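Asker: Here you go, one structure.
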Amino acid sequence: MTAGLVLAAGAGRRYGMPKALVRHAGRLLVERAVDTLREAGSSPIVVVLGAAHDQVPELPGDVVINPDWATGMASSLKAGLRALEATGAEAAVVLLVDMPGVSAEAVRRVSASASADALVMGGYGERRGHPVLLGRNHWAGVAATAEGDSGARNYLRAHAGLVRVVAVGDVSDDLDLDVPELDTHA
């Protein structure tokens, strides 16, 4: 079983509002991320919220409130992985709320390599990006090395020889909506 994990807790300071509440192509970014994981067959799905969590409408899946959201993405990743511990999932696909171009097909491709020992990243030509799949055997290590806004980056770099890159650039877009000017579908 491959779980889905949406990180959507930040305040979106550069964007001017929490990105979970940003409308993109008619839907909230957080709803789009959950729908992408559901369409890809991820189960269970955990959504980590923080800033303005009380303004997010009810979502399918399990919602975790990260009280430490202001410390950066790492605290949300840790909270999400802790929530997934009890699920029995062998791996988790991580999506960032501000990357609405990541498609269900990209999630399926990355998930095809799921195992408890897997580390998989989406490939966009020479770049590596999301979705990212973390096998269960790596969760403790990811949590131990995650700090600030780096999330799993430090762990993935330290274990680069184990990371499998799966091409997704033909079915996915890795645009990160950091500022409203980048969001042409608002």
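Asker: Counting alpha carbon pairs within less than 8 Å and at least 6 residues apart, what relative contact order, in whole percent, applies to the chain?
Answerer: On the way: 418 pairs, mean separation 47.3, N = 186.
Contact order relative to length: 25 percent.
Asker: Amide H of Val6 versus every other amide H placed in the peptide plane: which residues, excluding those fewer than 5 positions away on the same chain, fall under 5 Å?
Answerer: Excluding prolines and chain starts, which carry no amide H, the hits are Val46, Val47, Val48, Leu95.
Asker: Quick check on the exposure proxy: order Asp35, Asp117, Asp54 from fewest to most C-beta atoms within 10 angstrom.
Answerer: Fewest to most other Cβ atoms nearby, the residues stand as Asp54, Asp117, Asp35.
Asker: Quick one: among Glu90, Glu58, Glu105, which has the greatest mean-square fluctuation in a GNM of the chain with alpha-carbon springs under 10 angstrom?
Answerer: Of Glu90, Glu58, Glu105, the most mobile in the Gaussian network model is Glu58.
Asker: Pull out the extension gain between Asp62 and Arg13, defined as 0.36 nm times the separation in residues minus the alpha carbon to alpha carbon distance; nm, one decimal.
Answerer: Between Asp62 and Arg13, full extension yields 15.1 nm more.
Asker: Let me ask another. Which entry in [x] 163; [y] 121; [z] 104 matches volume of the Cα convex hull per residue in Å³ derived from the coordinates of this structure?
Answerer: So the calculated entry is the one marked [z].
Asker: Looking at the chain, do any whole DSSP H helices span at least 24 angstrom along their long axis by alpha carbon and average 1.0 or above on Kyte-Doolittle, and which?
Answerer: TM-like helix candidates: nothing returned.
Asker: Would you order Ser76, Ser111 from fewest to most other beta-carbon atoms within 10 Å of each residue's own beta-carbon? Don't skip to the answer; put the middle values down first.
Answerer: Working: Ser76 30, Ser111 23.
The fewest-first ordering by Cβ neighbours comes to Ser111, Ser76.
Asker: Here is a further query. If you place +1 on the Cβ of every Lys and Arg, -1 on the Cβ of every Asp and Glu, and leave all else neutral, what size is the dipole of the chain about its Cα centre, to the nearest 20 Debye?
Answerer: Here the size comes out at about 300 debye.
Asker: Next question, about the same structure. Highest mean first, what order results for 21-31, 155-165 on Cβ atoms within 10 Å?
Answerer: Working: 21-31: 18.1, 155-165: 13.7.
Result, highest mean first: 21-31, 155-165.
Asker: Take Lys78, Lys19 and order them by how many other Cβ atoms sit within 10 Å, fewest up front. Intermediate values should be presented prior to the final figure.
Answerer: Working: Lys78 20, Lys19 30.
In increasing order of surrounding Cβ atoms, one gets Lys78, Lys19.
Laboratory data are not the source of any read-out in this text; all were calculated from the coordinates shown. In this text, all values refer to a predicted model and were calculated from it rather than measured experimentally. FYI the Cβ positions are ideal-geometry reconstructions off the backbone, even for glycines, and counts take in every protein chain you see.
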